[in-house]
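Each reported figure results from applying straightforward, stated rules to the coordinates on display, with no laboratory input. Remember, predicted model here, so these are calculated numbers, not experimental data. Cβ sites come from the backbone with ideal geometry, for glycine too, and all protein chains shown count toward neighbours.
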Amino acid sequence: MGDRRLRTGLRVLDLADAGVQLGCDPRWAVRVPDLTAAERAALLALTPGLPVPATAPGVDVHRWVELLDALQQAGAIVPARPHRPPPPAGGVDAISWSLLDPVGDGRARVDRRQRASVGVVGLGPTGLALATTLAASGVGSLRMEDPSPVRSYDVGPGGYRWSDVGGPRQQVAARIVHDVAPHVATPSARDDPDVLVVVEADVADPVRAATLLACGLPHLSVVVREGDVLVGPLVEPGAGPCLRCLDLHRTDLDPLWPVLLQQLSGARSHRPGELHVPVLAGVAAHLAAAMVLGRLDGEPAAPGLTWQVPLPDAVPRERTWSAHPRCGCGAHPSQWPFADAATGTVGTGPAAG
Ligand SMILES: [Zn+2]
């Protein structure tokens, strides 16, 4: 039978005469009916994450093995693994992801995150909340960039405080991130991170977007606009729509978009700074963090996916953008090598929503 344990994170619930239930989520909850008092007591004595005993008092050994086999079949019991101390950061993720992992090992996911590095450019309240969330989720290295000072408008929940106003965002943010995750590395070196998040105002800077694309650096765009925040897309250079693809789609809809884009992206220092409405910053930062973590965990979001988080309700609106045929970034099927030679036709990406 081998060593086995109750899956980490499962609730153990007493249903009295109806038996015992392990877990609450319909995706994995298991109900065990028709139990004797001794069987019920033995199941209720199981502790999530700990080995299950080979025998139980007052329970026939064959019956006990049969129960454990059935629970292993249902995923509530998993093979035992060597004990490891909790990770320095991401411990909650390690427990909760154990519920979803096929072999019940959420720790492996957090270990991968600890070897990863993420860059965050733009440390207003949205960027800071994103960085703090990544650190608390086990990301090992965060490169944070923002030379501007903390403004009074930046003070908010879980982030900058009044006493931080006037200090350099970059240094204050590093202190706050270390308060949450003391072991996280915050290098200033220019080594490329696994993913770079750029949080900026009004529009994604087309010059920076072109540079990131040319460098082949995966990057997530977060744009804080007048009354909403646009999260995404997570650009995988050459493998999905880039930020220029989005601007070309906008130009198809509004020929004057390039004029607006130029004004909104130019002379940034002469405009009033962006305002991070706390509810929008919170929702957008955590959506962005989930997209980054999905990428680090090997489960990236769909190419071209964006979330618009608007006032007044802050309920995210999903949209999927396609690669634009005139962009030249290599993501549109017409730009794939031999695309038309092989079949005479090319497929079309998902329609711009
Ligand atoms: Zn493109």
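Observations
- The chain: most fluctuating residue of Val61, Val203, Val283 per GNM, C-alpha cutoff 10 Å: Val61
- Taking the square roots of 5 times each eigenvalue of the Cα gyration tensor of the chain, largest first, gives ellipsoid semi-axes of 46, 26, 18 Å.
- Relative contact order (%) - criterion: Cα under 8 Å, at least six apart; region: segment 116-342: 21 percent
- Sum of -39500 (n - 2.57) over DSSP H runs of 4+, divided by residues of the chain (222 nm, nearest 500): -9500 deg cm²/dmol
- Low-density loop positions, trypsin sites (Lys or Arg not before Pro), segment 22-76 - DSSP coil, at most 11 other Cβ in 10 Å: Arg27
- Residues Ser137, Ser265 in ascending order of nearby Cβ atoms (within 10 Å, fewest first): Ser265, Ser137.
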